[in-house]
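To keep things clear, I will list the structure first and then write my remarks on it.
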Amino acid sequence: MLFKNSHNSNFMQNAGVLARLAGPLILGQLAVVGMTVTDIYMAGQIDANTLAAVQLGGSIWAVVNLIVIGIMIGNSPIIGNFWGSNQQHKVRYQFQQALWLALPMGVAVGGAILGGIFILSRLDIAPEVYDIGRRYLMPFLITGFMFPAFFAFRSTFEGIGDTRPVMVFNLAAFLLNIVFDYALVFGKFGFPALGGEGAAWATALVMTFLLICMAVYAQRSHTMRSLKLYHDFAMANARAIMSILKLGIPIALNIAAEICFFAIIPLLVAHLGADVVGAHAIAINIDSLVFMIPLGMAQALTIKVAHAEGANNPKLARQICLVGFKLVFLLGLSMAVLKVTLRSDLASAFSSDPNVQSIAMTLFLFAAALSCVDCLQMAASGALRGYKDVRFPLLIQVVAFWGIAFPIAYSISLTDFWGEPLGIYGFWAGMIVGAFFAGLGLLTRWNIVSRSRIQAATV
């Protein structure tokens, strides 16, 4: 084991080990979200309508892809347990079943995208905003079909702790996306100027690149060659696929409970104008970029806890989590300071519209407060996934964001029940409330689960 199993283990040494595992995951996730931020940046250089349309379309895609991610993440702790107990043949079999699951999921994603376009048509937005948003979403029919297969590979690599290839491929994809965005949005290098739609075609090209890289790595890399992932390819097995769904669906709903709260905001405030939606787009996309830091740490906790559980060492699993929680809170505070310090520069970099800049700068103050609480609820959620405890955390997330936060946010944002409506600012206040109660509940649940595993092991 990489961690010292001793009460006198040095925090910095253990934090360094966890950070080395989380580092590639964080960089890889930053690259993925960086692609969306690049889309928003390019759209903001055209006009406010394009910025609003790309944000609305991007919100719909974000909900869909995060549900896919949640389901496929269910494969990671299963792989981690097999790897931790040195059952490599089961790792191969589990990977193959994840690929089988990816096929119907790819078709389902296409249906969800078409449903998103219909929802867009029912919003109270300008016709030109709808038209740009519709054309932006259409290429995601291609991207979405490939996306579950990409995550079948990724969740397998991460499950065994091999995180570097995901980082390298995602960073390369991020750089390619910048080039493709520039070429297709503005019509450079002989390509037609497609505007916001061009950013979505760039994403489709990049996803093709990523899937090819993953497939080749699984076949030819030194790390994966011994697993023979394509060897004796098994037929689809309902029980194995259900084992992924049994974990993955609650994880997906867990993620969706929070992310849908974020994604629904631009839909609810679309009638307030392109300036408000555009400012929200800037703040939420920068916040999503920063959010990848605690998310990467959460993924690392999932992997290390799953390995410790597979090795029947619950004391080590709890120790790993305590180090991770302390580390992620320090990171959250650091990110909050940066958001406050750089809010003016960030707002002006993404839009030249003074009104958009002014609203975005205020939203960055809310985003700073969000960083301090959201990091802990994400880390606790990742730790619980490593324990394969996913149903009770789902209940906690739903109650926190939809039972408590949403009624508060909606009433102070769009009604006069409490006084003058706060508009977009009320929804950001609601996000902070939801993340706080989710964090409190998830940390309490983790404490109960981790202690009960230790007690069961000592009986």
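The values are calculated or read from the model by the stated rules, or taken from the named source; none is laboratory data. Remember, predicted model here, so these are calculated numbers, not experimental data. Because the Cβ atoms are built from the backbone with ideal geometry, glycine has one as well, and the counts that use them run over all protein chains shown.
Please enumerate the residues belonging to segment 116-144 that are within 15 Å of Ala263 (Cα to Cα) and surrounded by fewer than 19 Cβ atoms within 10 Å (Cβ to Cβ).
Ile119, Leu123 - these are the residues of segment 116-144 that are within 15 Å of Ala263 (Cα to Cα) and surrounded by fewer than 19 Cβ atoms within 10 Å (Cβ to Cβ).
Name every residue in segment 124-145 that is part of a helix (DSSP H, G or I), under 16 Å from Val54 (Cα atoms) and of a type in the set (Gly, Ala, Ser), in order of residue number.
Of everything in segment 124-145, just one residue is part of a helix (DSSP H, G or I), under 16 Å from Val54 (Cα atoms) and of a type in the set (Gly, Ala, Ser), namely Gly133.
Hey, can you tell me all the residues within segment 289-330 that are over 16 Å from Met378 (Cα atoms) and either surrounded by 23 or more Cβ atoms within 10 Å (Cβ to Cβ) or of a type outside the set (Lys, Arg) (or both)?
Once the filter is applied, which keeps residues that are over 16 Å from Met378 (Cα atoms) and either surrounded by 23 or more Cβ atoms within 10 Å (Cβ to Cβ) or of a type outside the set (Lys, Arg) (or both), segment 289-330 yields Ala306, His307, Ala308, Glu309, Gly310, Ala311, Asn312, Asn313, Pro314, Leu316, Ala317, Gln319.
Any residue at all in segment 359-380 that is within 23 Å of the chain's Cα centre (by Cα), aromatic (Phe, Trp, Tyr) and in a helix (DSSP H, G or I)?
Taking every residue of segment 359-380 in turn, at least one turns out to be within 23 Å of the chain's Cα centre (by Cα), aromatic (Phe, Trp, Tyr) and in a helix (DSSP H, G or I).
Being among the aromatic types (Phe, Trp, Tyr) and at pLDDT 75 or above is the filter here, so list the residues in segment 1-50 that pass it.
Matches in segment 1-50: Tyr41 only.
Which one is farthest from Leu301 (Cα to Cα) among residues in segment 146-161 that are hydrophobic (A, V, I, L, M, F, W, C) and assigned to a helix (DSSP H, G or I)?
Met146
Just one of the numbered conditions (1) surrounded by fewer than 16 Cβ atoms within 10 Å (Cβ to Cβ); (2) out of contact with any Phe, Trp or Tyr (no Cβ under 9 Å at 6 or more places or on another chain) is not true of Trp402; which one?
(2)
Could you grab me the full set of residues in segment 192-233 that are surrounded by fewer than 15 Cβ atoms within 10 Å (Cβ to Cβ), within 15 Å of Val91 (Cα to Cα) and not hydroxyl-bearing (Ser, Thr, Tyr)?
If the condition is that a residue be surrounded by fewer than 15 Cβ atoms within 10 Å (Cβ to Cβ), within 15 Å of Val91 (Cα to Cα) and not hydroxyl-bearing (Ser, Thr, Tyr), then Gln219, Arg225, Lys228, His231, Asp232, Phe233 are the ones that fit.
Determine whether Lys228 is outside any helix (DSSP H, G or I), touching a residue at least 24 places away in the same chain (Cβ under 8 Å) and of a type in the set (D, E, K, R).
Considered against the rule, which asks whether it is outside any helix (DSSP H, G or I), touching a residue at least 24 places away in the same chain (Cβ under 8 Å) and of a type in the set (D, E, K, R), Lys228 comes out as yes.
Confirm whether Val337 is part of a helix (DSSP H, G or I) and either of a type in the set (Ser, Thr, Tyr) or over 22 Å from Ala368 (Cβ atoms) (or both).
In short, no.
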